[in-house]
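**Student:** Take a look at the following structure, please.
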Amino acid sequence: MPTLSATEARKNLYRLIDETSSTHEPITITGKRGNAVLLSESDWKAIQETMFLVNIPGMRESIIEGLKTPIEDCSEDLNW
């Protein structure tokens, strides 16, 4: 993960936004009072969705079990 000072990041902000959006590689920005990480919006949304799903009781186990199921054993009709 690339690391830049806040001063460097400020000078190159638009390029960094384009870069992290296209490469999906986070960029660490260091500051005097702490550090931050620049992420693409799509990566941030994916992280939020993952955190939401793993916090639903039993969801993690359900996903793991579902990954073990052969595709031909899956139902084409959803009973929602």
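**Student:** Order of 64, 71, 17 from fewest to most other C-beta atoms within 10 Å?
**Tutor:** Details: 64 9, 71 5, 17 14.
Placing the least packed residue first, the sequence is 71, 64, 17.
**Student:** For residue 68, which aspartates and glutamates qualify as cross-link partners when the Cα separation must be under 18 Å and same-chain residues fewer than eight apart are set aside?
**Tutor:** 76
**Student:** Nearest 500 deg cm²/dmol is fine: what mean residue ellipticity at 222 nm does the chain get from its DSSP H runs of n ≥ 4 alone, each adding -39,500 (n - 2.57), divided by its residue count?
**Tutor:** Working: 4 runs with 41 residues, N = 80.
Counting only the DSSP helices, I get -15000 deg cm²/dmol.
**Student:** Give me the extension gain from residue 28 to residue 50: residue separation times 0.36 nm, minus the current Cα-Cα distance, reported in nm with one decimal. Don't skip to the answer; put the middle values down first.
**Tutor:** Details: separation 22, 0.36 × 22 = 7.92 nm, distance 2.15 nm.
Extra length available between residue 28 and residue 50 comes to 5.8 nm.
**Student:** With the contact rule set at Cα under 8 Å and sequence spacing of 6 or more, what percent relative contact order holds for the chain? Working shown, then result.
**Tutor:** Values: 58 pairs, mean separation 17.0, N = 80.
Normalised by residue count, the contact order of the chain is 21 percent.
**Student:** Same structure again: With Cα Rg over 2.2 N^0.38 Å in mind, check [x] 1.65; [y] 1.37; [z] 1.03 and report the label derived from this structure.
**Tutor:** Checked against the structure: label [x].
**Student:** How many nm is it between the label spots at residue 15 and residue 73, if each spot is 7 Å from the Cα in line with the beta carbon?
**Tutor:** Once both label points are built, they end up 5.3 nm from each other.
Taken together, the values in this text are just the output of simple stated rules run on the coordinates, not laboratory data. Everything numeric in this text was worked out from a predicted model, so none of it was measured. Every residue, glycine among them, receives a Cβ derived from its backbone with ideal geometry; neighbour counts consider all protein chains shown.
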